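A.B. asks: Mind having a look at this structure? Questions to follow.
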Amino acid sequence: MRQRLPSFIIGGAPRCGTTWLYHLADRHPKIYMARPVAPEPKFFLLDDLYQKGLAHYAGQWFGNAPTGALLGEKSTNYLENAVVAQRLGRDLPDVRLIFVLRNPIDRAFSNYLWSCQNGLETESFDKALELEGRRCREQPERWRYSQPFSYLRRGLYDELLKPWLEQFSRSRLLILIYEAMLADPTGTAAKLHTFLGVPERPEDGLGLGPINAVHNPERVCMRPETRQWLATYYAASNRRLRAVLRAPIVEWDA
């Protein structure tokens, strides 16, 4: 029997609305998303899973997909791993890739709050940024892929996209902006469906609400001085990203 493999993959970035996008795609009657949404497949990321082969992947995640459906999956950590880009370029050269990018300052802080919420982070945000390099080098093997302390690097989108642009033509990548998704969910739905080649259903973008939102019961805030430092830190990367996107990112100017 012919292996049933995904036609598209939502590959990141973390804390940028990829779970919302998963549910948006899953609403379309012609799309079948790998289930459950959590835990994610991460097949092309985890060495022990990848060694089981594509037949295992197809059977595990798409064995129950209805005939004729367009297949998709979401694994949020794919974007930040160049090995995944190589594996997908070799195994699924025609796959369509969807990445969501968020103001890297807000993404970093949301990642920090997520790590606090999950009991992994006890430092202040400023201290966590200071310790990031050492902690990432010394973290336990079990955190090799989840990278709970990778607040800064995950926002260097121009660097993270480079191996993907080397493996795939720009036409096979849909790069969405988180802030624009929030502002125009129906337009996002239409853009997604057009990219995937299924009938447009803009109304699918309505009523999803916040999904996988991070909780901040103690109302921890970022210091203005920290935001300014991060704006300087990301300025050059954001300029290079604008050149890749061939468009301004107005929401990130502040």
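The values are calculated or read from the model by the stated rules, or taken from the named source; none is laboratory data. Bear in mind the structure is a predicted one, so any value in this text is a computation, not a measurement. Note: ideal-geometry Cβ built from the backbone for every residue, glycine included; neighbour counts use all protein chains shown.
A.B. asks: Within region 160-197, how many residues turn out to be in contact with a Gly (Cβ under 9 Å, 6 or more places away or on another chain), crowded, with 18+ Cβ neighbours inside 10 Å and among the aliphatic types (A, V, I, L, M)?
C.D. replies: Residues that pass the stated criteria total 6.
A.B. asks: Next question, about the same structure. For the subset of region 52-82 comprising residues that are under 16 Å from the mean Cα position of the chain (by Cα) and among the aliphatic types (A, V, I, L, M), which member is surrounded by the most Cβ atoms within 10 Å (Cβ to Cβ)?
C.D. replies: Leu79
A.B. asks: Take the residues in region 1-21 that are under 18 Å from Gly197 (Cα atoms) and surrounded by 22 or more Cβ atoms within 10 Å (Cβ to Cβ); name whichever of them is farthest from the chain's Cα centre (by Cα).
C.D. replies: Pro6
A.B. asks: Can you tell me how many residues in region 129-158 are farther than 15 Å from Arg102 by Cα, touching a Lys or Arg at 6+ places or on another chain (Cβ under 8 Å) and in a helix (DSSP H, G or I)?
C.D. replies: 2
A.B. asks: May I ask you to say which residue of Val214, Val220 is farther than 23 Å from Pro29 by Cα, modelled with pLDDT under 95, hydrophobic (A, V, I, L, M, F, W, C) and surrounded by fewer than 15 Cβ atoms within 10 Å (Cβ to Cβ)?
C.D. replies: Result of the check over Val214, Val220: Val220.
A.B. asks: Checking Val83 against (1) outside any helix (DSSP H, G or I); (2) modelled with pLDDT of 95 or more, only one condition comes out false. Which one?
C.D. replies: So Val83 meets the others, but not (1).
A.B. asks: How many residues are loosely packed, with under 11 Cβ neighbours inside 10 Å and in contact (Cβ under 8 Å) with a residue 12 or more places away in the chain when one looks only at region 228-242?
C.D. replies: 0
A.B. asks: Turning to a different aspect of this structure: Please go through region 118-128 and give me each residue that is assigned to a loop (DSSP other than H, G, I, E, B) and either over 21 Å from the mean Cα position of the chain (by Cα) or surrounded by 12 or more Cβ atoms within 10 Å (Cβ to Cβ) (or both), ordered by number.
C.D. replies: Gly119, Leu120, Glu121, Thr122, Glu123, Ser124
A.B. asks: Among the residues of region 242-252, is any of a type outside the set (A, V, I, L, M, F, W, C), within 16 Å of Asp106 (Cβ to Cβ) and in a helix (DSSP H, G or I)?
C.D. replies: Checked against the condition, which is being of a type outside the set (A, V, I, L, M, F, W, C), within 16 Å of Asp106 (Cβ to Cβ) and in a helix (DSSP H, G or I), region 242-252 yields at least one hit.
A.B. asks: Go over the candidates Leu230, Leu174, Leu192 one by one and state the one that is within 21 Å of Asn77 (Cα to Cα), assigned to a helix (DSSP H, G or I) and modelled with pLDDT of 95 or more.
C.D. replies: Leu192
A.B. asks: Can you tell me which residue is surrounded by the most Cβ atoms within 10 Å (Cβ to Cβ) among those in region 94-117 that are more than 19 Å from the chain's Cα centre (by Cα) and closer than 19 Å to Cys16 by Cα?
C.D. replies: Among residues in region 94-117 that are more than 19 Å from the chain's Cα centre (by Cα) and closer than 19 Å to Cys16 by Cα, the one surrounded by the most Cβ atoms within 10 Å (Cβ to Cβ) is Cys116.
A.B. asks: Under 8 Å by Cβ, and 6 or more places apart or on different chains, what pairs join a residue from region 193-221 that is among the charged types (D, E, K, R) with one that is part of a loop (DSSP other than H, G, I, E, B)?
C.D. replies: If the second residue must be part of a loop (DSSP other than H, G, I, E, B), the pairs left are Arg201/Arg27; Arg201/His28; Asp204/Arg27; Asp204/His28.
A.B. asks: If only one of His28, His56 is modelled with pLDDT of 95 or more and in a loop (DSSP other than H, G, I, E, B), which one is it?
C.D. replies: His28
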